[in-house]
């Protein structure tokens, strides 16, 4: 009569198969969860900036960012009095880094091609960490300039992965108060390439939003 149960060799084979499956699936699941967390954090920061801009425009009774406290008079650059004032008034700041990124953002970044990326240069923006754990940098501009205001965020502060398009992103504040991106791309392929080569994660922000707040890359 044949004995019930498994032989040692059968058990070892089963264990080997399970180990292989774990090696293959665990990194995939972990990567998916990390991306989902990063997108959730990005959406939270974006929503906070959008709300803050709306409150500022209501408080100051303006319909144009150029007429708000986020814009400085031409020829008189005042980063603390514009972007700094805005951040400290409308966010719960846990670390104020002033006009230098050190302490709020990581020391270095890479993009998805593993080339050097960065946050906004020191002396051009106001840097701070907020209660969500994100780092935020806003570069104001003069009241007669035409470009939108730059906003760069690291959704988890100086912590890894420090990759543009993963935890580092850029979007904009436009004159009409719209927060996000008004960029147009020729096709999805051009957006994909731009995202991979992005310096601040700006094109990756567009891709995440266009995909319905999903990091599908």
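The values are calculated or read from the model by the stated rules, or taken from the named source; none is laboratory data. Because the structure is a prediction, the values reported are computed rather than measured. Methodologically, a virtual Cβ is constructed for each residue, glycine included, from the backbone with ideal geometry; neighbour enumeration extends over all protein chains shown.
Below are the figures for this structure:
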| read-out | value |
| --- | --- |
| The stretch 178-194, subset crowded, with 17+ Cβ neighbours inside 10 Å and under 20 Å from residue 48 (Cα atoms), residue nearest to the chain's Cα centre (by Cα) | 180 |
| Residue check, residue 175 surrounded by 15 or more Cβ atoms within 10 Å (Cβ to Cβ) and part of a loop (DSSP other than H, G, I, E, B) | yes |
| Elements of type strands (runs of 3 or more DSSP E) in the stretch 59-159, at least 1 residues being surrounded by fewer than 14 Cβ atoms within 10 Å (Cβ to Cβ) | 93-98 |
| Conditions (1) modelled with pLDDT under 95; (2) under 16 Å from residue 44 (Cα atoms): number failed by residue 146 | (2) |
| Pairs, first on the phi > 0 side of the Ramachandran plot and buried (at least 22 other Cβ atoms within 10 Å of the Cβ) in the stretch 195-217, second at pLDDT 95 or above and assigned to a loop (DSSP other than H, G, I, E, B), C-beta under 6 Å, six or more apart | 201/165 |
